[in-house]
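The following block contains the structure, expressed as structure tokens.
The values are calculated or read from the model by the stated rules, or taken from the named source; none is laboratory data. In this text, all values refer to a predicted model and were calculated from it rather than measured experimentally. Neighbour counts run over all protein chains shown; Cβ positions are idealised from the backbone, glycine included. Note: accessible area is taken over every heavy atom of the protein model, side chains too, but ligands, DNA and RNA are not part of it. Shrake-Rupley method; radii C 1.70, N 1.55, O 1.52, S 1.80 Å.
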Amino acid sequence: MSMASTDSLWERALRVLPGGVNSPVRSFRAVGARPFFVARGQGAYLWDTEGRRYIDYVLSWGPLVLGHAHPAVVSAVAAQLERGTSYGAPTAAEVELAERIIELMPVIEMVRFVNSGTEATMSAVRLARAATGRDRILKFSGCYHGHGDSFLVAAGSGVATLGLPNSPGVPGALAALTSVVAFNDLDAVEDVFRGRGDEIAAVIVEPVLGNAGCIPPQPGFLDGLRRITHAYGSLLIFDEVMTGFRVARGGAQARYGVTADLTTLGKVIGGGLPVGAFGGRRDLMERVAPAGPVYQAGTLSGNPLAMAAGNAQLRVLAERDPFPELERRAQRLVSGLLVALERAGLPATGCAVGSMWGIYLRRGPVRSFEEARESDTEAFARLHRGCLARGVFFAPSAFEAGFLSTAHTDQDIDGTIEAVGKALGE
Ligand code: KE4
């Protein structure tokens, strides 16, 4: 375990990795800090290479619903490792994980594994374009569907955090095929469809907007998307890479009772190893090669180690549904944080949806990315640094959701609320 100092590691990282990281959100730029380097994780905690312990609410940006190094995951991956890491031929584990996902999220009739959420959404959109013969897609500002070209338009997560308007390198001709409206604005969706509904292959949406903090759908919003897409012969894609096995065991579709035509998954289904997936209606999925003509492939798709981790994590979730308890804990955390912020005279609002939660430093309500952006990101950055110094690790961005795992105890939550109170006292 490397115990090199943060300074020397950071200096070396900046020389060989763009921005010193392999994913922009990890750079802590948005909170005016420098990242720590992790030595190990266990349960709800991370330790950095200088021995400091953090209560972790990032949890690898969502995958670790059971916390770090859960024994079931560790033993499953270790056992597989002895048998080899990748074969390039089918294994029982990928069939088992597909069956388990379908059992827990029956809106999915057939699934294809890939290596990231980005690959999942890219493939789902290619399939929707093939199935409808249309090229346009509609997304929502603040939603982040990975870094595929068609999605880097008014995206959330790191794109919003770093204040990047979009991304250079995305062909204008392609970006022009992506229509964008504000989350929760059904009238705006209706307007776009009235104008060019017959061009739209699909609407893609995060059913709970997690890449701008944590913004639930307003009543009727998801039903409205289902009604409008049906009416115009477009497909509805729920990007549940974050909400799947996070907002309820059956995902947002179980929680809100709205069925999408295609669903993308990632994060939790890989147990911390690289896994993404797209799936849904059988008649659509049977168009995917080699069953059908829509090409999609991947050297390490469904790889044995990742399948072992994903199966182990989902097996634990299938045994006992932890989400009602996780939601109660997340509610308690958010309420405690709001009380501390109120006491410090900072206007704030927030919510918890299953084991996802978010706080905004502004008066509520926050129903869209535009309203989220009105929050005080400067104050958030100061608060984030103060909490980090007290051993609490929140997502280093005002536009990211927080998470909770089954490993977080009431003491951890009380300790977190106390640390926030002290940081605010400064
Ligand atoms: P990946 O390609 O990063 O595995 O998944 C992309 C993606 C797709 N859809 C949703 C709803 C997502 O939240 C994500 C990835 N989320 C971000 C954080 N909010 C990943 C963190 C990062 O970029 O490092």
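Of all residues in segment 184-220, count the ones that are within 19 Å of the chain's Cα centre (by Cα) and aliphatic (A, V, I, L, M).
Number satisfying all stated conditions: 7.
Does residue 365 satisfy the condition of being open to solvent by 50 Å² or more (accessible area, probe 1.4 Å) and in contact with a Ser or Thr (Cβ under 7 Å, 6 or more places away or on another chain)?
yes
Taking only segment 98-138 into account, find how many residues are within 14 Å of the ligand (Cβ to nearest atom) and in a helix (DSSP H, G or I).
Here the count works out to 9.
Could you list, in sequence order, all residues of segment 144-178 that are of a type in the set (Phe, Trp, Tyr) and open to solvent by 20 Å² or more (accessible area, probe 1.4 Å)?
Once the filter is applied, which keeps residues that are of a type in the set (Phe, Trp, Tyr) and open to solvent by 20 Å² or more (accessible area, probe 1.4 Å), segment 144-178 yields only 144.
Looking at segment 144-166 only, could you name the residues that are more than 13 Å from the ligand (Cβ to nearest atom) and either among the small types (Gly, Ala, Ser) or outside any loop (DSSP other than H, G, I, E, B) (or both)?
Listed by number, the residues that qualify are 149, 153, 154, 163, 166.
Another question, if that's okay. If we scan segment 20-32, do we find a residue that is in a strand (DSSP E or B) and either surrounded by 15 or more Cβ atoms within 10 Å (Cβ to Cβ) or within 16 Å of the ligand (Cβ to nearest atom) (or both)?
Checked against the condition, which is being in a strand (DSSP E or B) and either surrounded by 15 or more Cβ atoms within 10 Å (Cβ to Cβ) or within 16 Å of the ligand (Cβ to nearest atom) (or both), segment 20-32 yields no hits at all.
Where the second residue is more than 10 Å from the ligand (Cβ to nearest atom) and polar (S, T, N, Q) and the first is within 17 Å of residue 200 (Cα to Cα) and in a loop (DSSP other than H, G, I, E, B) and lies in segment 234-252, which pairs have Cβ atoms under 8 Å and are six or more apart or on separate chains?
Matching pairs, first to second residue: 234/132.
Of the conditions (1) open to solvent by 10 Å² or more (accessible area, probe 1.4 Å); (2) over 29 Å from residue 317 (Cβ atoms), residue 393 fails just one. Which one is it?
(2)
Just one of 248, 318, 309, 330 is open to solvent by less than 50 Å² (accessible area, probe 1.4 Å) and in contact with a Lys or Arg (Cβ under 6 Å, 6 or more places away or on another chain); which is it?
248
Please state which of the following conditions residue 380 fails to meet, knowing it meets all the rest: (1) open to solvent by 30 Å² or more (accessible area, probe 1.4 Å); (2) among the hydrophobic types (A, V, I, L, M, F, W, C); (3) more than 24 Å from residue 211 (Cβ to Cβ).
(3)
If you don't mind, another one. Can you spot a residue in segment 220-238 that is hydroxyl-bearing (Ser, Thr, Tyr) and within 16 Å of the ligand (Cβ to nearest atom)?
no
Which of (1) more than 17 Å from the chain's Cα centre (by Cα); (2) away from the ligand (no atom under 13 Å from the Cβ); (3) crowded, with 17+ Cβ neighbours inside 10 Å does residue 141 not meet, given it meets every other one?
(1)
Residue 70 versus (1) over 23 Å from residue 262 (Cα atoms); (2) in contact with a helix residue (DSSP H, G or I) (Cβ under 6 Å, 6 or more places away or on another chain): which is the lone unmet condition?
Result: residue 70 fails condition (2) only.
If you go through segment 53-96 one residue at a time, how many are outside any loop (DSSP other than H, G, I, E, B) and either within 28 Å of residue 157 (Cα to Cα) or modelled with pLDDT under 95 (or both)?
The number of residues fulfilling the criteria is 9.
Does any residue in segment 195-218 that is within 12 Å of the ligand (Cβ to nearest atom) come within less than 7 Å, Cβ to Cβ, of a residue that is of a type in the set (S, T, N, Q) six or more places away or on a different chain, and which pairs are these?
Hits for this filter: 204/121; 206/243; 207/243; 208/243; 210/243; 211/157.
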